[in-house]
1. Among DSSP bridges having both ends in chain B, what percentage is antiparallel? Round to the nearest 5.
2. List B:19, A:469 from most exposed to least, where exposure is judged by having the fewest other Cβ atoms within 10 Å.
3. What's the local net charge at residue A:590, with K and R +1, D and E -1, over the other residues with C-beta under 11 Å away?
4. Among B:105, B:48, B:116, which one shows the biggest mean-square fluctuation in a GNM of chain B, springs joining Cα atoms closer than 10 Å?
5. Just in the stretch B:26-111: which GluC sites (Glu not before Pro) are loop by DSSP and have at most 11 other Cβ atoms within 10 Å?
6. What does the average come to when, for each residue of peptide B:21-27, you count the partner chain Cβ atoms lying within 10 Å of its Cβ?
7. Suppose a student asked you for the relative contact order of the stretch B:7-134, using Cα pairs under 8 Å spaced at least 6 residues apart; what percent would you report?
8. Where is the GNM fluctuation largest for chain B (alpha-carbon springs, 10 angstrom cutoff): B:15, B:95, B:61?
Amino acid sequence: MKSLRTKIALWFVILLLVTVGSLSWFSLRETESALRDEIVETHQARAAGAADALADLVADAKAKTRAAADDGVFAGPHNETRMRAALDETVREGPFITALFVPTDPEEPVVESPEGLLKILFSDRPQASKDSFVASLRMLAPDLDDTHIARWPLPGSWSTITAVESGDTTHGLLAFQGAPVRPAIEAGRPPSGAQAFVADGEGILIGAPDDREGADVSEALTVLASREDRTAIVVLGSTQYLATLFPLGSEPWRLMLATPRDEAFAAVDTLLTTAAGVAAVFLILAIAATGVLAHQITAPVRRLHDASARVTGGEYGTQVRVSGKDELAELAGAFNAMSAKMHEDRIRLLRNQETLERTVEERTAALLEKNAELEMFVYAVSHDLKTPLVSLDWLTEDLAASLKDPARRAEAEETLVRVRRNIDGMQSLVSDLLELSRIGRGEDAPVRVDLAAVLDAVVAELEPQRRAHGVELRRETTTLPEVQGDPSLFHRMLSNLVGNAIKYASDDEGLVVLRSDVETDIDGRWWRFDVADDGPGVPPDMREQVFHPFVRSPEARARRVEGTGIGLAIVRKAVRRYGGTVDVTDAPEGGALFRVRMPLDRKTRDPNLLDHDTSMVDTRDGVTNDGR
Amino acid sequence: MADDARTWRVLVADDHLDHLEMICRAIERSPSGHRIKVVRATDGNAAYAALKEGVDMAFLDIKMPGQSGLSILRASRAEPSLAEVPIVIVSSSSDPWDIEASTNYGAKAYIEKGRYDRFRDRIVSVLEETLAMLA
């Protein structure tokens, strides 16, 4: 069952077989009819053969009887001895016909009945006159004449008595013994089981098988006589026979050959039974094949239907069992693929949905955090602006009062200095805020930056502070690379770090050390810049917070170090902008160690950092890593 | 009582030097006629130390290095020798929590840093009221 086409083809083959079978059946009927005709013809031929053979025997017996009469066997006085001798001779002559000759002496006692005749023949006193015997015969057989053979039914094995004449004298009677007729029929080779009946012209049975003595065959004879071919199915007793009536030579008798119908037509019945059996087998095979085909066609369709219903019910991924390679199997395969795809798509959809929800949650959390940070930032900015504003309010109010009093002139001048300082503080704060905001916007195109030159400028600018704090600034910076970026940003970053170190260095002969190096690890090349001081350092719990805006260490507040609280936030933002990191630890000098690490290769940029779109290239080494 | 020869020791603690100066000036120039000695402190620890050394009253900023004004207030209320010293909390905070905490801890008053004339009047009135009570 490779394909539906094959199935359909096979279906047609089956139909064809049924058709051929039907046609064969009709053909068989014809064969059967011919066979039947042949059987009938054979039967008729056998009947004819049997009749001929019997007629010959009868004629032969009659001739012998006449000859015996002519020889004078029956002449002379009638006595039993001679009769018996004649009888024996005759019996010897023919194995199946017994001839009995009786002298026709009128003086002999009259035979009144067949029984009487038998007495004459076989009793001890068979004396009868010719006249009385003839009279008896005439009474019994009124049509008897010289050449006539009259019939005289006899009981027992005797069938007929015939008067035989020789000249003017009736010499005797010829009697056929019924039973021996059978061998005569057998000589005509009738089929086994056939029975032969001999009847005279009036339908009187004169010869029959032992068990059929006295049977009524008149109806059968009438039926047969009406048929042109003298053949018909007749009923004898309760059995059907194929019977043929045939004349017995020139004798006025007829032979009925009867073969049991079932036996005669056994061949036909076998043929029909066999044909019917074959037809039945064909039919059963066709039905079975049809059933199998129907099942093979409908079962997958049903399975597909059920599976479709399940898919409709939400059971995505439902699979149909696939067997074979036919169109239905292809359909089932396509269905399975569709169902699996639906299942897959649904899972993907659910996953996407989950991912989306998670992303939304994360974004929302990030936004909330950003929002909180922003609120904190705004609060801090407001606070850090409010404080100098309050101061200015108070100071200017007080200044106004002082100016009215000449005695307070010195005090007024001192107040003015305070006013100036507050304004400076606010300017620094606003400037730092603008700087912080500018880093976030990242609006300037990157240019080549010589970090050595930037550091030189920063150190020069911070020289007054350094001197004011009495701090020694030690530079161990032999390897400062050139990079791509925003020069002012690098300037601000370095300035904030070094400025912080100077502010926080020890009051007593403070020390600030700057170290720069280019190092390589598996991620690529990095510029490392360390700023160390010998100040109080940053306590571990503050090391992350100091990089947040407006967070100042307690030490810074205690020591009243000037600052906006935004410097380190600016540093971190600038460093991250280039994919770098900045952190603070303990310095070998005793204070804080701020370490900046910035990638010199594009591949070392941390993709998680937001501001890493600007490339940094160490052009001093002639190495460019971003393909430009 | 105004002519009482006694000199009142008043502690003013604020880490913001301008604010400290202006509060001190307001107290020193109060027209009450009291003789007042202002003790200055620029962080919490110094303020608490000065408090323990003995002052008649104190003006404490909240946000200060070392200790906040509120923590000094609370600590002093638990200290028998300091429990009765009137303490005034001075802050730029308008946070209700700060104000409530100050009252709960037993501050004499809470003065928010605002426009100078109003702020100065408030400082002076609280100062005079307190000194009058103490006298």
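Quick note: the coordinates plus some simple rules give every number you see, no bench work behind them. Here the structure is a predicted model, which means the values were calculated and not measured. Note that each Cβ is placed from the backbone with ideal geometry, even for glycine, and that neighbours are counted across all protein chains shown.
1. Approximately 0 percent, going by the DSSP bridge assignments.
2. Least crowded to most crowded, the residues run A:469, B:19.
3. In short, -4.
4. Greatest mean-square fluctuation among the candidates belongs to B:116.
5. Listed in order of number, the matching sites are B:84.
6. Mean shielding by partner chains, rounded to a whole number: 4.
7. Result for the stretch B:7-134 is 23 percent.
8. Its mean-square fluctuation being the largest, the pick is B:95.
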